[in-house]
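Enquirer: This is the structure, below, for whatever I ask next.
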Amino acid sequence: MIYFDFAATTPLDQDAAEVYVKVATEYFGNTQSLHDIGSQSQFLLENCREELANIFGIDKKGLYFTSGGSEGNFLAIEALLSAPLKGGKHIIAGMAEHSSVHGVLKRLTQDGYEVTLIPFNSKGLIDLDLVLSSIKPETILITLQHVNSEIGTIQPIEEMAKIARANKIHFHSDFVQSFGKINVKNIAPLVASFSFSGHKIYGPKGIGGVYINPNLSWEPFFPGGSHESGFRPGTVNVPAVAAMTAAAQKIIGRLEEDQTKFQSLRKAFIEALKPVKEWVDIYQADDNRQLANIIGMRISGIEGQWMMLECNRLGFAISTGSACQIGMQTPAKVTEALGLEKDQAKEFIRISLGSTTTMEDVIKLGETMVSVVKSFKRLP
């Protein structure tokens, strides 16, 4: 089976796995324990916090560890809403946000908040003018993914941060798909909060983090916790934090190399689809606004789930969108944001490339998909 679903999750890096085992067996103390074994774990935890803060270019005082991106989005949004810059109950969000963001927004609407969802333009990008026209005096929060998890478009975070700051609005961004794929060091300090995840960068599952501007006096959603300055309850998973930090150091060290590789693989895959190009729609932005390793597309007349199952039968693992949305029997959020019709939305599939993907792999997948399309449409 050749894996093409790296946007859903990645295999654990061998070096990160070794770090995990070493820390789990030698630094197993609870970071809140006052004895030396606990102090050793606390010292290691703070070293990891400092290293990740340096990678992001942020103040380590605002960095908190969570169970992953989904929990991070939830807790970050709740923290920002507990410390608004002005009065109001209006939130602006991207229509194609991760399901964890939509989940908390749905609950907030039941608590009296008004939410305005912003669609994508034809290139899968947020229209800043539309955001500006949606701002009200009572707008207190904007939440927008840095990189869309289904089509890989890179949103204009810098410009959005300026808009938010000028209007005294908190700005949260989901960095789960961008961290480790593009340099976020110049962007991270601009937002009020962001979330990230370990298992998207070849670290362990069940670990991630949130940055919240340390100048904000937020209130914890779960009161009474002593870990992570009260940001979330529960004993900190120090082995996972250490392994995630090791994975982050490794992937950040090869950013440019990976970007060049994925651009080449993306072009080769799209080239391989040329025999059936009249039925293929790829949703993408210009190169400077497109993450090369995520390819969101549809093939006219063929349901995405059927294509995914056919590819699976033939030895290729692809997906029909965000893994947190699969099983809900609803199309990927991005299809709604792009304005696709219901039947078109059902045709959506995602190909995502990773560290083990080769040129031979992408060409083989492209040729296999061409043969599936030809067979389905009974073409010569």
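Enquirer: Residue by residue through segment 109-124, which ³J(HN,Hα) values in whole Hz follow from phi under the Karplus form 6.51 cos²θ - 1.76 cosθ + 1.60 (θ = phi - 60°), with glycine and proline marked x?
Expert: Ordered by residue, 3J(HN,Hα) equals 5, 6, 9, x, 7, 9, 10, 10, 9, 9, x, 8, 7, 5, 9, x Hz.
Enquirer: While we're looking at this one, here's another question. Return the Rg/Rh ratio of segment 88-152 with Cα-based radii and a Kirkwood Rh.
Expert: Result for segment 88-152 is an Rg/Rh of 0.97.
Enquirer: Shifting gears a bit: Would you kindly state how much longer the chain becomes between residue 222 and residue 271 on full extension, computed as 0.36 nm times their sequence separation minus their alpha carbon distance, in nm to one decimal?
Expert: Details: separation 49, 0.36 × 49 = 17.64 nm, distance 5.09 nm.
Length gained, residue 222 through residue 271: 12.6 nm.
Enquirer: Here's a follow-up. For the chain, what does -39500 (n - 2.57) per DSSP helix run (n ≥ 4), summed and divided by total residues, give at 222 nm, in deg cm²/dmol to the nearest 500?
Expert: On the way: 12 runs with 147 residues, N = 380.
Using -39500 (n - 2.57) per qualifying helix, the result is -12000 deg cm²/dmol.
Enquirer: Could you go through segment 20-26 in sequence order and give the Karplus-derived ³J(HN,Hα) for each residue, using 6.51 cos²θ - 1.76 cosθ + 1.60 with θ = phi - 60°, rounded to whole Hz, and x for Gly and Pro?
Expert: Along segment 20-26, the couplings run 4, 5, 4, 5, 5, 9, 10 Hz.
Enquirer: Enter the per residue convex hull volume of segment 257-380, computed from alpha-carbon coordinates, in Å³ rounded to the nearest integer.
Expert: Numbers: hull volume 14.2 nm³, N = 124.
Looking at segment 257-380, the number lands at 114 Å³ per residue.
Enquirer: I've got another one for you. If contacts are Cα pairs under 8 angstrom and at least 6 residues apart, what is the relative contact order of the chain in percent?
Expert: Values: 732 pairs, mean separation 92.5, N = 380.
24 percent.
Enquirer: Taking amide H positions as placed in the peptide plane 1.01 Å from N, state which residues far from residue 171 in sequence (5 or more) or on other chains have amide H under 5 Å from it.
Expert: Answer set, sorted by chain and number: 142, 192, 193.
Enquirer: Setting aside same-chain residues fewer than 8 positions from residue 162, which lysines have a Cα under 27 Å from its Cα?
Expert: List returned: 60, 61, 86, 89, 106, 123, 136, 181, 185, 333.
Enquirer: Distance in nm between label sites at residue 83 and residue 128, each 7 Å beyond Cα in the beta-carbon direction?
Expert: 2.7
Enquirer: Now, a different point. Share of the chain's accessible area from carbon and sulfur, percent, 1.4 Å? Could the numbers behind the result be given before it?
Expert: Values: 8330 of 16300 Å².
Reported share for carbon and sulfur atoms: 51 percent.
Enquirer: May I ask you to order 340-347, 197-204 by the average number of other C-beta atoms within 10 Å around their residues, highest value first?
Expert: Answer by packing, highest mean first, reads 197-204, 340-347.
Enquirer: If you count only protein heavy atoms with a 1.4 Å probe, what accessible area per residue comes out for the chain, rounded to a whole Å²? Show your work: numbers first, answer last.
Expert: Numbers: 16300 Å² over 380 residues.
Dividing the accessible area of the chain by its residue count gives 43 Å².
Enquirer: Still on this structure: So what is the relative contact order of segment 178-221, in percent, for Cα pairs below 8 Å that sit 6 or more residues apart?
Expert: This gives 31 percent for segment 178-221.
Enquirer: What is the set of long-range amide H partners of residue 115 at a cut-off below 5 Å, with H atoms built 1.01 Å from backbone N?
Expert: When sequence neighbours closer than 5 places are left aside, the close amide H contacts are 91.
Enquirer: Something else now. Is segment 190-241 rounded, prolate or oblate when judged by the Cα gyration tensor, a ≥ b ≥ c being the square roots of its eigenvalues, rounded requiring a/c under 1.5 and prolate requiring a/b larger than b/c?
Expert: It comes out oblate by the Cα gyration axes.
Enquirer: Follow-up. Going by average Cβ neighbours within 10 Å, how do the peptides 229-242, 23-36 rank, with the highest at the top?
Expert: The most tightly packed comes first, giving 229-242, 23-36.
Enquirer: Given Cα pairs under 8 Å that are at least 6 residues apart, what percent is the relative contact order of segment 139-211? Can you show the working numbers first?
Expert: Details: 108 pairs, mean separation 20.1, N = 73.
The normalised contact order for segment 139-211 reaches 28 percent.
Enquirer: Let me ask something else about it. Using alpha carbons only, how many angstrom separate the centre of segment 157-225 from the centre of segment 255-314?
Expert: Here the answer is 28 Å between Cα centres.
Enquirer: Angle between the Cα long axis of helix 238-252 and the longest principal axis of the chain, 0 to 90 degrees, nearest 10?
Expert: The helix 238-252 is inclined about 50 degrees to the chain.
Enquirer: Another one. Find how much the distance from residue 51 to residue 15 grows on full extension, using 0.36 nm per residue of separation minus their present alpha carbon separation; answer in nm with one decimal.
Expert: Stretched fully, the residue 51-residue 15 segment lengthens by 11.3 nm.
Enquirer: Grab the other residues whose beta carbon is less than 11 angstrom from that of residue 287, score K and R as +1, D and E as -1, and report the net.
Expert: Net local charge, residue 287 excluded: +2.
Enquirer: Counting only other residues whose beta carbon sits under 11 Å from that of residue 276, what net charge do I get with K and R as +1, D and E as -1?
Expert: +2
Enquirer: Listed highest first by mean packing, meaning other Cβ atoms within 10 Å per residue, what order do 111-117, 207-213, 302-308, 152-158 come in?
Expert: Details: 111-117: 13.7, 207-213: 26.4, 302-308: 18.9, 152-158: 21.6.
Output ranking for 111-117, 207-213, 302-308, 152-158: 207-213, 152-158, 302-308, 111-117.
Enquirer: Summing Lys, Arg as +1 and Asp, Glu as -1, what charge do residues with Cβ under 12 Å from the Cβ of residue 11 carry, residue 11 excluded?
Expert: My count for the surroundings of residue 11 gives 0.
Enquirer: Can you list residues from other chains, or at least 5 along the same chain, whose modelled amide H is less than 5 Å from the amide H of residue 348?
Expert: Here the answer is 304, since their amide H atoms fall under 5 Å of that of residue 348.
Enquirer: Name the residue farthest towards the positive end of the dipole of the chain from the options 65, 320, 25, assuming +1 on Cβ of Lys and Arg, -1 on Cβ of Asp and Glu, about the Cα centre.
Expert: The residue sitting most towards the positive pole is 320.
The values are calculated or read from the model by the stated rules, or taken from the named source; none is laboratory data. It should be emphasised that the depicted structure is a prediction, and the values quoted were computed from it without experimental measurement. Please note: Cβ atoms are built from the backbone with ideal geometry, for glycine as well, and neighbour counts cover all protein chains shown. When the accessible area is computed, the model is the full protein with side chains, heavy atoms only, and any ligands, DNA or RNA have been set aside. Shrake-Rupley method; radii C 1.70, N 1.55, O 1.52, S 1.80 Å.
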